[in-house]
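If you scroll down you'll find the structure; I have some questions about it.
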């Protein structure tokens, strides 16, 4: 059994390495549209990883994750100078801190509640942030605001170049993925896993669970802010829809599609969700029905949840079970 688990662990590491290797090769073969499309998916994958830390690792279903994503994006645009390229590292830091700061406020209050009440409180805070930028001049109202010049790191890195932005986004995704994988194996990560399984038992064992959950909430908000920064730089434009509850729901669907409890599931789910959107939006395939793409997407998601209860990461185990006629060993909540 030990050898089998080690083999599965190595196969997962190999799979993740191949995925990132494939992403690194995209600019060599894809055109401008392909680079932009895959870059957008990587931003959403980063966003999905932020929610995975809460839902998959800590057992906290947050329905206000879009607020942190949007705050990171708005902070980037509002703090960027209008007449020259802003400093990349400073803007990135401010975006992450702004999102993490709001996450600290939201988490400090919402984590006093549980279950559906926690979900509703996080949604309420997200809607508050949404209406601040939607109904006031701060964020340009419903029209949004533009990022005039993309940030740069001196002469070393200019994000005006599509390939440079793609490479920077990939590097951020890789660093966050590796960082979260290490966090899960740390004492802090083990405490979060214990909270997810049985918070009462963790308290009985002498753990004060509130600080752990708050720390996870703030880290998650900071990662979402990083994703928001990259989205604002890529599109050069932000609007209030980035903070809507629809986006919080979409990113939750991503991690469900990929497989909750697995970091690679967040990556797979983001790509699957984006590809399904493109598929059902295709007029070449669906003609006039393409304008009703939400219907097709919804049906596809329902079908995938029914057919793949463990998400896309559970497909290999399901195949082995069918071929061998028995359940394969599982490495639960791994990378």
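The values are calculated or read from the model by the stated rules, or taken from the named source; none is laboratory data. Quantities reported herein were computed from a predicted structural model and do not represent experimental measurements. Cβ placement follows ideal geometry from the backbone for every residue including glycine, while neighbour counts extend to all protein chains displayed.
Just checking, how many residues over segment 67-94 are more than 16 Å from residue 240 (Cα to Cα) and assigned to a helix (DSSP H, G or I)?
Counting residues in segment 67-94 that are more than 16 Å from residue 240 (Cα to Cα) and assigned to a helix (DSSP H, G or I) gives 8.
Got a sec? Which of 43, 96, 77, 26 is within 22 Å of the chain's Cα centre (by Cα), buried (at least 18 other Cβ atoms within 10 Å of the Cβ), touching a residue at least 60 places away in the same chain (Cβ under 8 Å) and closer than 30 Å to residue 279 by Cα?
Among 43, 96, 77, 26, only 43 is within 22 Å of the chain's Cα centre (by Cα), buried (at least 18 other Cβ atoms within 10 Å of the Cβ), touching a residue at least 60 places away in the same chain (Cβ under 8 Å) and closer than 30 Å to residue 279 by Cα.
Quick one: is residue 232 crowded, with 19+ Cβ neighbours inside 10 Å, under 25 Å from residue 274 (Cα atoms), in contact with a strand residue (DSSP E or B) (Cβ under 8 Å, 6 or more places away or on another chain) and touching a residue at least 24 places away in the same chain (Cβ under 8 Å)?
Yes; evaluated as a whole, the condition is true for this residue.
I need the helices (runs of 4 or more DSSP H) fully contained in segment 194-283, keeping only those with at least 1 residues that are out of contact with any helix residue (DSSP H, G or I) (no Cβ under 9 Å at 6 or more places or on another chain) and modelled with pLDDT of 90 or more.
209-235
Need the failing condition index for residue 110 against (1) crowded, with 21+ Cβ neighbours inside 10 Å; (2) farther than 23 Å from residue 46 by Cβ, just the number.
(2)
Now a separate question. Please enumerate the residues belonging to segment 111-120 that are free of Cβ contacts under 8 Å to residues at least 24 places away in the same chain and not in a loop (DSSP other than H, G, I, E, B).
The answer is 115, 116, 117.
While we're here: Looking at segment 137-149, which of the residues that are in a loop (DSSP other than H, G, I, E, B) and modelled with pLDDT of 85 or more is nearest to residue 166 (Cα to Cα)?
147
Can you list residue pairs whose Cβ atoms sit under 7 Å apart, with the first residue in segment 130-144 being within 12 Å of residue 70 (Cβ to Cβ) and the second being at pLDDT 85 or above and in a loop (DSSP other than H, G, I, E, B)? Count only pairs 6 or more apart in sequence or on different chains.
Final answer for the pair search is 130/244; 144/239.
May I pose another question? Based on what the data block shows, is residue 101 out of contact with any strand residue (DSSP E or B) (no Cβ under 9 Å at 6 or more places or on another chain), within 24 Å of residue 273 (Cα to Cα) and surrounded by fewer than 24 Cβ atoms within 10 Å (Cβ to Cβ)?
So residue 101 does not fit the description; no.
Could you tell me whether segment 66-79 includes any residue that is under 25 Å from residue 212 (Cα atoms) and in contact with a strand residue (DSSP E or B) (Cβ under 8 Å, 6 or more places away or on another chain)?
Among the residues of segment 66-79, at least one is under 25 Å from residue 212 (Cα atoms) and in contact with a strand residue (DSSP E or B) (Cβ under 8 Å, 6 or more places away or on another chain), which makes the answer yes.
Right, here's the next one. Please tell me if residue 38 is over 30 Å from residue 114 (Cβ atoms), over 12 Å from the mean Cα position of the chain (by Cα) and surrounded by 15 or more Cβ atoms within 10 Å (Cβ to Cβ).
Yes; evaluated as a whole, the condition is true for this residue.
So, in segment 302-323, how many residues would count as being at pLDDT 80 or above and farther than 22 Å from residue 9 by Cβ?
Selection size over segment 302-323: 7.
A further question on this structure: Looking at 129, 124, 152 in this structure, which one is over 25 Å from residue 93 (Cβ atoms) and surrounded by 13 or more Cβ atoms within 10 Å (Cβ to Cβ)?
Only one candidate passes the filter, namely 124.
Can you work out which of the residues in segment 161-173 that are closer than 19 Å to residue 222 by Cα and surrounded by 16 or more Cβ atoms within 10 Å (Cβ to Cβ) is farthest from the chain's Cα centre (by Cα)?
Here the residue is 168.
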